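Written out below as structure tokens is the structure these notes cover.
The values are calculated or read from the model by the stated rules, or taken from the named source; none is laboratory data. This structure is a prediction, so every number in the text was calculated from the model and none was measured. Please note: Cβ atoms are built from the backbone with ideal geometry, for glycine as well, and neighbour counts cover all protein chains shown. Areas reflect the complete protein model, heavy atoms only, side chains present, ligands, DNA and RNA absent. Shrake-Rupley method; radii C 1.70, N 1.55, O 1.52, S 1.80 Å.
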Amino acid sequence: MAVVPLKPEYGPTLGQLLSPRWRAASVAARGVVVACGVGLVALAVAVALTLEDATFSHGGPVPFSFAYRGLYRTGPDPGG
């Protein structure tokens, strides 16, 4: 990977600042940090999927589609 030159007046990058502490950390601490990062990504995906509107699309002679916040499949009422 190519390195982009950085002017000295812009100082060290975040990676350069954190690198000594990351290398000095134990394997267990690194694992905890990586697990927390994966957990945060999974939480962000779950929140995004939960807040996204439900959609329904039907193709055929007369295609149609719609989106609705509370669109969930339910069963018919008894006797319906």
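Below is a table of values for the structure above.
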{"read-out": "Selection from 51, 25, 14 lying farthest towards where the dipole of the chain points positive, charges on Cβ", "value": "25"}
{"read-out": "Computed over the chain: relative contact order in percent, which uses C-alpha pairs under 8 Å that are six or more apart", "value": "15 percent"}
{"read-out": "Rounded to the nearest 20 debye, dipole of the range 15-80 from Cβ charges on Lys, Arg, Asp, Glu", "value": "500 debye"}
{"read-out": "Label-point separation, residue 14 to residue 29 (7 Å along Cα→Cβ), nm", "value": "2.0 nm"}
{"read-out": "Mean shadow area of the chain over all directions, Cα convex hull, nm²", "value": "13.4 nm²"}
{"read-out": "Cα long-axis angle, helix 27-51 against the chain (0 to 90 degrees, to the nearest 10)", "value": "30 degrees"}
{"read-out": "Most to least accessible of 69, 23 (protein chains only, probe 1.4 Å)", "value": "23, 69"}
